[in-house]
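Note sheet for the following structure.
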Amino acid sequence: MKNELKNLRAEILEAIEGVSDLSGLEDLRVKYLGRKGTLPNLLKGLKGLADDARKEAGAFANEVKLSVDEAFSALQIDLEAKSRAEAFAEAHIDITRPGITPDIGHLHLTTQAIEEIKTIFSRLGFVQVRHPEIDWDHYAFGALNFPEDHPARDDWETFFIDDAGKAAEGENGKIVLTPHTSNGQVREMERSELPIRMMNINKTYRRQVSARHLPMFHQFEGLLIDKDVSIADLLGTFDFFVKQFFGPERKTRLRPHHFRFTEPSFELDVSCDVCAGTGMRENGLKCKLCKVGWLELGGAGMVHPNVLRAGGIDPDVYSGFAFGWGVERTMMMKGGINIPDIRVMYQNDMRFLEQF
Ligand SMILES: [Zn+2]
């Protein structure tokens, strides 16, 4: 038995010498030391020996097993170090290989337009503020000179906040999702010191859904209050914005209109880009985009004395102008973008969004 063990030890140690990789070493381990390997098989023969002989052979068998285990472990450590070194050498970075460009998103086109609008008005000293999107009827209508029975205060026009089925109400009236950014006017008068140059950009809400109307859209509201402010200042501001945003060749005009919170009130028009303000195409047909040479941008006017009073400002000393335009509409007018259904703006369709 002892001789057999000696021979086996010599055989194993010799076999190990010839191993050059980890899988070869593992094969040998299974062959000699595994559950059905040569060494365990040989040790089964210990049972058949007399007591003394078994003790001696058992002790020797342990010695053999220890020395073989040691040889296996030592070689395993060497081979692992070698394989790590090889992997490291292979993994050097080739900086001349073309890279993989990750998909990088960009701002939504509405956000892009808001950033641009904000920047243009900031050059004229308009400071961006943010007044609530959910506000009291007082700020959305009452303080803006809307009579109690004005249709805009009807729940067919405006979203009201319910409290258990009943319109929530407080000392400033019902709570509404603001249908325009003009709720910021009196809030700004109450909040800040004169003179005021405010740019309030926010989401607004109306009960309307169609190819041309969204229930949620964005508005930007300018408010300027100071001494000796005239319509000429409004027109100059409007003209500056249009030339910066739409291009220096675009013209502007005011048309008389009626709003509750400005007096006098105007619609502001921008000359059409597609037909250069003529209303006609080169082929002699009417321009499809504008029909008349002008595109309507939005409303504006001189702040109504009642609104100034509601904001605690003396209309005999101060005057001002205000304007509020839809961001989506203004953006689509730029470069004559004609989207057949405006709802596509918020459907998160990548094929649409990636174009901007
Ligand atoms: Zn046109």
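The values are calculated or read from the model by the stated rules, or taken from the named source; none is laboratory data. On a predicted model such as this, the values are computed, not experimentally measured, just so you know. Heads up, the Cβs are rebuilt from the backbone with ideal geometry, glycines too, and the neighbour counts pull from every protein chain shown.
The table that follows gives values for the structure above.
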quantity: Residues located in the stretch 91-127, provided they are within 26 Å of residue 344 (Cβ to Cβ) and part of a loop (DSSP other than H, G, I, E, B); calculated: 103, 104, 105, 106, 107, 108
quantity: Pair list, Cβ under 6 Å, 6 or more apart: the stretch 11-28 residue under 17 Å from residue 83 (Cβ atoms), other residue modelled with pLDDT under 90 and outside any helix (DSSP H, G or I); calculated: 25/19
quantity: Test: residue in the stretch 114-127 that is of a type in the set (Phe, Trp, Tyr) and under 30 Å from residue 330 (Cβ atoms); calculated: yes
quantity: Residue selected from the stretch 260-318 under the condition acidic (Asp, Glu) and within 39 Å of the chain's Cα centre (by Cα), by the criterion nearest to residue 223 (Cα to Cα); calculated: 267
quantity: Residue that is farthest from residue 330 (Cα to Cα) [pool: residues in the stretch 128-161 that are assigned to a loop (DSSP other than H, G, I, E, B) and among the β-branched types (Val, Ile, Thr)]; calculated: 161
quantity: Meets criteria (charged (D, E, K, R) and part of a helix (DSSP H, G or I)) for residue 9; calculated: yes
quantity: Set 258, 304: member being at pLDDT 90 or above, loosely packed, with under 15 Cβ neighbours inside 10 Å and more than 13 Å from the ligand (Cβ to nearest atom); calculated: 258
quantity: Selected residue (only one of 333, 280 is over 30 Å from residue 193 (Cβ atoms), among the aliphatic types (A, V, I, L, M), within 16 Å of the ligand (Cβ to nearest atom) and crowded, with 20+ Cβ neighbours inside 10 Å); calculated: 333
quantity: Residue in the stretch 261-277 that is nearest to the ligand (Cβ to nearest atom), counting only those that are under 14 Å from residue 303 (Cβ atoms) and either in a helix (DSSP H, G or I) or of a type in the set (Ser, Thr, Tyr) (or both); calculated: 265
quantity: Residue 53 vs. criteria touching a residue at least 24 places away in the same chain (Cβ under 8 Å) and surrounded by 10 or more Cβ atoms within 10 Å (Cβ to Cβ); calculated: yes
quantity: Of the criteria (1) surrounded by fewer than 20 Cβ atoms within 10 Å (Cβ to Cβ); (2) away from the ligand (no atom under 16 Å from the Cβ); (3) part of a strand (DSSP E or B), which one residue 296 fails; calculated: (2)
quantity: The stretch 140-153 residues that are among the polar types (S, T, N, Q), paired with ones that are surrounded by 14 or more Cβ atoms within 10 Å (Cβ to Cβ) (beta carbon under 6 Å, 6 or more apart); calculated: 145/260; 145/261; 145/304; 145/306; 145/307
quantity: Unmet requirement for residue 356, which otherwise passes all of (1) within 16 Å of the ligand (Cβ to nearest atom); (2) within 30 Å of the chain's Cα centre (by Cα); (3) at pLDDT below 85; calculated: (1)
quantity: The stretch 213-255, residues that are part of a helix (DSSP H, G or I) and either within 16 Å of the ligand (Cβ to nearest atom) or surrounded by fewer than 19 Cβ atoms within 10 Å (Cβ to Cβ) (or both); calculated: 231, 232, 233, 235, 236, 239, 240, 242, 243, 244
